[in-house]
Amino acid sequence: MSTGNASRGNLHLGMTGNCAYSALIDPQARMVWCCLPRFDGDPVFNALLDDGPTGSVWAFDLENFARSEQRYEPNTAILKTRLYDSDGHGVEITDFAPRFFSHARMFRPLTIVRRVKVLSGTPRIRIKLRPRFDWGRQVPTVTQGGHHVRFVGAGMTLRLTCDAPLNYVLDGTWFVADRQMNFILGPDETLMGGIEDTAHLFEKETASYWHTWTRRLAIPLEWQDAVIRAAITLKLSLFEDTGAIVAAMTTSIPEAPGSGRNWDYRYCWLRDAFFVVRALNSLSEVGTMEDYLRWLTNVVVRSRGGHIQPLYGIGQEEQLPEAILDHLPGYRGMGPVRVGNQAQEHFQHDVYGNIVLGAAQA
């Protein structure tokens, strides 16, 4: 895909994740949406709903930007974006969320890895790293170490460890990208190994995991690339810690321009989850079903034979009070921005059929 400046503000977004969190990245390598510590958490990057000066974004701006190309590493959730300037100089940004087996368990930290590689010439870049907390209302306190920066908020602290010039990162200074640079953003923990070595190892192991996972799918003869990409996307909708499957990664994207039908879909609808399970089971991927049935069993048992809601929080939360956040303008300025979903109060009797159908997939 090749795009120009008009790409900003559209929904042609790449997604990466590791079944603990996800991030959405636009065609210019701007991270415009990422909720932590889980899918329905606080968007530390919220430019999808506030693309103005108060929005939070992680961008690699290229001086005299002319065009971009974006693609996934085949059969993985690793996203690569190439930016070119008007002189043909270019950089490639690789984005991924680590996911692989380590010490007999799945390693899926709340860690974002971004790697910048020079493709040609002497491109000048500027790094904008502006996380915010409390739905954009809280600007974090910034502290600096030898090779890291801490973004300290009231309820969360993020640490960026990188081998790029920290002063340029903090000040948003334009500089020549003359070597590969690695950025690791995550919990406030010391990196156990070297920055480049860690980023390289995480990328290698994550690619290996996804290659193994896709190789085991029962793929049809036609449309294989599209089916594999859809399967990976559905897999990334799984919150593996509990087994819940979210209906979407976002909130407040209008169903139609100016309609006001801007709902928060970052929860588990039993109907939507069943469709995901059925789709992945048709490809012989049953792990997602097993995780989901673990979550569903908890929901059914806690109901004690009574009413079952059409949706729950990914941690089985029953109460999802809906509120409007007036300080955020919304996608392309088309508010309101909502958090929570009043549909939790609805009585939708087809939910029992979705329970039966979901369990029958076993």
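Being in contact with a Leu (Cβ under 7 Å, 6 or more places away or on another chain), assigned to a helix (DSSP H, G or I) and surrounded by 13 or more Cβ atoms within 10 Å (Cβ to Cβ) narrows it down to one of Ala231, Ala207, so name that one.
Values: Ala207 fails: in contact with a Leu (Cβ under 7 Å, 6 or more places away or on another chain).
Just one listed residue meets the conditions, Ala231.
Within segment 346-362, can you find the residues that are in contact (Cβ under 8 Å) with a residue 12 or more places away in the chain and either buried (at least 18 other Cβ atoms within 10 Å of the Cβ) or of a type outside the set (Ser, Thr, Tyr) (or both)? Even if it seems obvious, please write down each step before you answer.
So the first thing to find is which residues in segment 346-362 are in contact (Cβ under 8 Å) with a residue 12 or more places away in the chain, and the list is 346-348, 350-352, 354-355, 357-359, 361-362.
His346, Phe347, Gln348, Asp350, Val351, Asn354, Ile355, Leu357, Gly358, Ala359, Gln361, Ala362 - these are the residues of segment 346-362 that are in contact (Cβ under 8 Å) with a residue 12 or more places away in the chain and either buried (at least 18 other Cβ atoms within 10 Å of the Cβ) or of a type outside the set (Ser, Thr, Tyr) (or both).
Return a yes/no flag: does segment 55-67 have any residue that is part of a loop (DSSP other than H, G, I, E, B) and of a type in the set (A, V, I, L, M).
yes
Please verify whether segment 247-260 includes one or more residues that are part of a strand (DSSP E or B) and crowded, with 20+ Cβ neighbours inside 10 Å.
The answer is yes; a qualifying residue exists.
Of all the strands (runs of 3 or more DSSP E) wholly in segment 98-170, which have at least 3 residues that are surrounded by 21 or more Cβ atoms within 10 Å (Cβ to Cβ) and in contact with a helix residue (DSSP H, G or I) (Cβ under 8 Å, 6 or more places away or on another chain)?
It comes to 157-162.
For segment 99-131, enumerate the residues that are among the basic types (Lys, Arg) and within 30 Å of Ser86 (Cβ to Cβ).
Residues of segment 99-131 among the basic types (Lys, Arg): 99, 105, 108, 114-115, 117, 124, 126, 128, 130.
Correct list: Arg114, Arg115, Lys117, Arg124, Arg126, Lys128, Arg130.
Of all residues in segment 329-342, which are touching a residue at least 60 places away in the same chain (Cβ under 8 Å), in a helix (DSSP H, G or I) and open to solvent by less than 80 Å² (accessible area, probe 1.4 Å)?
Within segment 329-342, just Tyr331 meets the criteria.
Determine which single condition Gly193 fails, assuming it passes every other condition in (1) touching a residue at least 12 places away in the same chain (Cβ under 8 Å); (2) open to solvent by less than 70 Å² (accessible area, probe 1.4 Å); (3) in a loop (DSSP other than H, G, I, E, B).
Every condition holds for Gly193 apart from (1).
The values are calculated or read from the model by the stated rules, or taken from the named source; none is laboratory data. All figures in this text were calculated on a predicted structure; none of them were measured in a lab. A quick note on method: Cβ atoms are made from the backbone with ideal geometry, for glycine too, and the neighbour counts reach across all protein chains shown. Surface areas here come from the heavy atoms of the whole protein model, side chains and all, with no ligands, DNA or RNA. Shrake-Rupley method; radii C 1.70, N 1.55, O 1.52, S 1.80 Å.
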